[in-house]
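Working notes, beginning with the structure itself.
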């Protein structure tokens, strides 16, 4: 069932939306090889080291894009999330411009209380923004809509990197201890 905004889309946009919605998985060839990079990211975030968190994100993204056969994307990790009446911005994907690589921007602290984001939330946000990159580069979609299929692709990546039996990350690595998927 399409999200409410589907009714406002053009015929061409609906075709892109429907294609996106039909894609429900992104299979990693050897996800276990990327898990040490996930662990390094969790540790950097837990230490509240912005530069090390950014470096760990970049290494993980490089591993993911190589494994999935898509072009690179750069990452920038900033301090506190921007916010307004609409809420907080968790992550942002920006297409390539003027010869620069596409970019993912993440914020490692909550906007109001400035607490470090829980690890699982941070990782899901990173994967969410990566899914936008995959929509354009792997699936060749003309747009990257937030469809049910989009969220399933994000979850498929997450569960390959953090298997269900893993308890290491259940402690929340992050001061707020919440993993609510309330990203924008």
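Computed from the coordinates by the stated procedures, all read-outs in this text should not be read as laboratory data. Keep in mind it's a predicted model, so treat the numbers as computed, not measured. Because the Cβ atoms are built from the backbone with ideal geometry, glycine has one as well, and the counts that use them run over all protein chains shown.
Observations, loosely collected:
- Rounded if a/c under 1.5, otherwise prolate or oblate - segment 1-76, Cα gyration tensor axes: prolate
- A full extension of the chain between residue 43 and residue 98 corresponds to an added length of 16.4 nm, given 0.36 nm per residue minus the alpha carbon distance.
- Orientation-averaged projected area, Cα convex hull of segment 4-171 (nm²): 10.8 nm²
- For the peptides 90-102, 31-43, the ranking by mean Cβ contacts within 10 Å, running from highest to lowest, is 31-43, 90-102.
- Sorting the segments 115-127, 7-19 by their residues' average number of neighbouring beta-carbon atoms within 10 angstrom, most packed first, yields 115-127, 7-19.
- Length available on full extension from residue 15 to residue 51: 0.36 nm per residue minus the Cα-Cα distance, which gives 8.9 nm.
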